[in-house]
Amino acid sequence: MWIDAFLALRDSIAFHSNAALAFQADPNPEQNDQLTRATNLTISAIRFLKTFRAGYLEPEVMHLYPEKTDNEQFKKLIQFISPDIVCTAASLVSAYPLDMSQFYRLFNTTRIPLNKKDDLVTNESGMHILVLRNGNFYVFNVLDGDGNIVKASEIHAHLKYILSNESPTPEFPVGYLTSENRNTWAKLRNELLHNGNEEAMSLVETAIFSLCLDDFSVTDTDQLVQTLHHGEGMNRWFDKSFNLIITKDGSAGINLETSWGDGVAVIRFMNEVFKDSTQEPLVTPHSQVANVDSSHMVRKLDFHLNDTLKEGISEAKENFEAMRKSLTFQCFRFEKGGKAFLKRQKVSPDAMIQLSFQMAFLSLYGQTVPTYEACSTGTFKHGRTEIIRPASVYTKRCSEAFIREAFRYKVRDLRNMLSDCSEYHIRLIREAAMGQGFDRHLFALRFLAASKTGPMIPDFFQDPAYSYLNENILLTNTLSSPLVANIAFAPVVSDGIAVGYSVHQDYLKFTVSSHCGRNVGEFNQGVTKCLENIFSVLEGRPIHS
């Protein structure tokens, strides 16, 4: 049901559902050379693929008491328990294996545009990767006929060949089509297939993944997340399960197509690939490339375009540029404290961050709005996500007290309100993670009702309150990996704000986006001020208006 809901979305996936995740820089500055980093990340990604398909990838496990179970002794002990009861045995000590079925879609997977609802196709026969540079398409094998990884020096040579290729940007870059409305793209894809491009499209869609080599450097974090989220359009194939993107200065990250999977799979992949590529790099800027003729082993794809396709690409480019201009990203850090301080104060860091969003929105726009926070349900078979609803009677009361009536309350009373918000938020997280949320339950009921009654769905789902609840004006998501620098995505409604954030020991990091209807800078300043007030009260100090 959930995958079908994603695949039925008709808006541009580039601007409405795909997400961007940035790697940290390689700790060895020399290794951030574009060619070197592209080679090492590619090889590490293929090593991850081989490990997973061989059945050797260590399972994802949620450890409620990591000091007891997240260690080598527990891992050795659990190996002797029968597979039939191992999950039950682990759960008895609060170690919960997570569903890993999504990992199957990580490689060789493409979202195929079709009228009304797309298809998700995985073809493991592909031994090649797709490389995009300046809107040009190249393919070469990274696995040999026996399924072994091609020598690092050969992959190094092929990427060097592509980076030295002087082919100009095509007049009509086909990559723009994947950013179009899905029904429009479905028609144009059929036109591509019927105009002599079957083989080229097959090579694109069966590739293990897409590697995008951007021919420019990024100057700051804002530009990096914009580049990873949508870039220049022509140098992406947004339908691939993921695009691995490396800019000219070696900044790197992923553009994720989200119909097939969620953060659990992608963060695990990024963590492993980052560690492998930085701790055991197979090439350096001084490495000699293999003595191979890359011009015969790297194939440049040429597309045959008729007038209909040329017009479609031109319109797709215009639509892309309009959407890009309407969307703003801005990153900021809150440096006055992080997880360590909030834990000492016995409040949930996530609760305080979400509360700051509620306070900031109330102070700027005078209202409380539907708010979405994603929560993994990976403890269940084929689990995806549930929604945490951070906007509550507790956050509203607390926000109004801090924003409008702080002078009426003692610091102790404000502190108690923060504790109430924290306790309730922890309860919401626990309920969502254990399948006790209401959003997915109602979604399933609506799906089943529609399948039986057609367009006449029950009155409940036509109620204005239900419709408003699902207009998620504040869209939020967090990640927990020190190796992933930023997560970015766009709002799902025109007047919305999207916030990706991460919690660190001594600081908090945010990436905020909005369309023209909201001012990102004002919201960021509001969040900063509200966090300062929250921290002041937690320290026992009065807040300043």
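With segment 241-314 as the region, which strands (runs of 3 or more DSSP E) entirely inside it contain at least 2 residues that are crowded, with 19+ Cβ neighbours inside 10 Å?
Correct list: 242-246, 252-256.
Residues Gly366, Gly312, Gly253: which one is under 30 Å from Thr528 (Cα atoms), in the same structural domain as Ala38 (by TED's automatic domain parsing) and out of contact with any Asp or Glu (no Cβ under 7 Å at 6 or more places or on another chain)?
Selected residue: Gly253, the only one of Gly366, Gly312, Gly253 that is under 30 Å from Thr528 (Cα atoms), in the same structural domain as Ala38 (by TED's automatic domain parsing) and out of contact with any Asp or Glu (no Cβ under 7 Å at 6 or more places or on another chain).
Quick one: is Ser167 in contact (Cβ under 8 Å) with a residue 40 or more places away in the chain and closer than 23 Å to Ala316 by Cα?
yes
Could you check how many residues of segment 183-208 are part of a helix (DSSP H, G or I) and either on the phi > 0 side of the Ramachandran plot or not aliphatic (A, V, I, L, M) (or both)?
Number of matching residues: 12.
Have a look at Ser101, Ser125 and point out the one that is within 20 Å of the chain's Cα centre (by Cα), loosely packed, with under 15 Cβ neighbours inside 10 Å and within 29 Å of Leu9 (Cα to Cα).
Of Ser101, Ser125, the one residue that is within 20 Å of the chain's Cα centre (by Cα), loosely packed, with under 15 Cβ neighbours inside 10 Å and within 29 Å of Leu9 (Cα to Cα) is Ser101.
Can you tell me which residues in segment 30-60 are of a type in the set (A, V, I, L, M) and either in a loop (DSSP other than H, G, I, E, B) or not assigned by TED's automatic domain parsing to the domain that holds Ser179 (or both)?
Ala54, Leu57
Would you please list the contacts, defined by Cβ atoms under 7 Å and residues six or more apart or on different chains, that run from a residue in segment 358-374 that is within 11 Å of Val527 (Cα to Cα) and free of Cβ contacts under 8 Å to residues at least 12 places away in the same chain to a residue that is small (Gly, Ala, Ser) and in a strand (DSSP E or B)?
From residues that are within 11 Å of Val527 (Cα to Cα) and free of Cβ contacts under 8 Å to residues at least 12 places away in the same chain, there are no pairs.
Anything in segment 143-188 that is among the aromatic types (Phe, Trp, Tyr) and surrounded by fewer than 20 Cβ atoms within 10 Å (Cβ to Cβ)? List them, or say none.
Of everything in segment 143-188, those that are among the aromatic types (Phe, Trp, Tyr) and surrounded by fewer than 20 Cβ atoms within 10 Å (Cβ to Cβ) turn out to be Tyr161, Phe172.
Taking segment 241-279, which residues are of a type in the set (Asp, Glu), closer than 24 Å to Ser480 by Cβ and modelled with pLDDT of 95 or more?
Matches in segment 241-279: Glu257, Glu272, Asp276.
Looking at Phe535, Phe461, which one is surrounded by fewer than 16 Cβ atoms within 10 Å (Cβ to Cβ) and in a helix (DSSP H, G or I)?
Phe461
If you go through segment 409-426 one residue at a time, do you hit one that is crowded, with 16+ Cβ neighbours inside 10 Å, aliphatic (A, V, I, L, M) and free of Cβ contacts under 8 Å to residues at least 40 places away in the same chain?
Looking for residues that are crowded, with 16+ Cβ neighbours inside 10 Å, aliphatic (A, V, I, L, M) and free of Cβ contacts under 8 Å to residues at least 40 places away in the same chain, one finds at least one in segment 409-426, hence yes.
Hey, among the residues in segment 382-400 that are over 21 Å from the mean Cα position of the chain (by Cα) and not hydroxyl-bearing (Ser, Thr, Tyr), which one's farthest from Ala95 (Cα to Cα)?
By that ranking, first place goes to Glu400.
I'd like to verify a number: residues in segment 117-145 that are assigned to a loop (DSSP other than H, G, I, E, B), at pLDDT 95 or above and of a type outside the set (S, T, N, Q), how many?
8
Residue-wise test of (1) polar (S, T, N, Q); (2) at pLDDT 95 or above.
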position: Met434; (1), (2): no, no
position: Gly437; (1), (2): no, yes
position: Gln462; (1), (2): yes, no
position: Ile473; (1), (2): no, yes
position: Ala485; (1), (2): no, no
position: Phe489; (1), (2): no, yes
position: Ile497; (1), (2): no, yes
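Can you work out which of the residues in segment 59-69 that are surrounded by 14 or more Cβ atoms within 10 Å (Cβ to Cβ) and free of Cβ contacts under 8 Å to residues at least 40 places away in the same chain is farthest from Gly383 (Cα to Cα)?
Among those residues, the one meeting the criterion is Thr69.
Looking for whichever is of a type in the set (A, V, I, L, M), more than 25 Å from Glu315 (Cα to Cα), touching a Ser or Thr at 6+ places or on another chain (Cβ under 7 Å) and modelled with pLDDT of 95 or more here; the options are Ile155, Ile162. Which one fits?
One residue alone meets the criteria, Ile155.
Take the residues of segment 328-373 that are among the hydroxyl-bearing types (Ser, Thr, Tyr) and assigned to a helix (DSSP H, G or I): which is farthest from Tyr424 (Cα to Cα)?
Tyr365
For segment 401-415, what are the residues that are over 20 Å from Thr368 (Cβ atoms) and part of a helix (DSSP H, G or I)?
Listed by number, the residues that qualify are Phe407, Val411, Arg412, Asp413, Arg415.
Can you find, within segment 1-58, the residue that is surrounded by the most Cβ atoms within 10 Å (Cβ to Cβ) among those that are β-branched (Val, Ile, Thr) and under 24 Å from Ile473 (Cα atoms)?
Ile13
I'm trying to understand the selection: among the residues of segment 489-518, which are free of Cβ contacts under 8 Å to residues at least 40 places away in the same chain, part of a strand (DSSP E or B) and closer than 17 Å to Gln367 by Cβ?
Across segment 489-518, there are no qualifying residues.
Could you grab me the full set of residues in segment 76-88 that are outside any loop (DSSP other than H, G, I, E, B) and surrounded by fewer than 14 Cβ atoms within 10 Å (Cβ to Cβ)?
Listed by number, the residues that qualify are Lys76, Leu77, Thr88.
Only one of these conditions is not met by Pro27: (1) assigned by TED's automatic domain parsing to the domain that holds Asn243; (2) in a helix (DSSP H, G or I). Which number is it?
Among (1) assigned by TED's automatic domain parsing to the domain that holds Asn243; (2) in a helix (DSSP H, G or I), the lone unmet condition for Pro27 is (2).
Test each condition in (1) at pLDDT 95 or above; (2) farther than 30 Å from Arg236 by Cα; (3) not hydrophobic (A, V, I, L, M, F, W, C) for Asp70 and report the one that comes out false.
(1)
Take the residues in segment 467-488 that are more than 21 Å from the chain's Cα centre (by Cα) and touching a residue at least 12 places away in the same chain (Cβ under 8 Å); name whichever of them is surrounded by the most Cβ atoms within 10 Å (Cβ to Cβ).
Taking the candidates together, the pick is Leu469.
The values are calculated or read from the model by the stated rules, or taken from the named source; none is laboratory data. Predicted model only: the values in this text are computed from it and were never measured. Neighbour counts run over all protein chains shown; Cβ positions are idealised from the backbone, glycine included.
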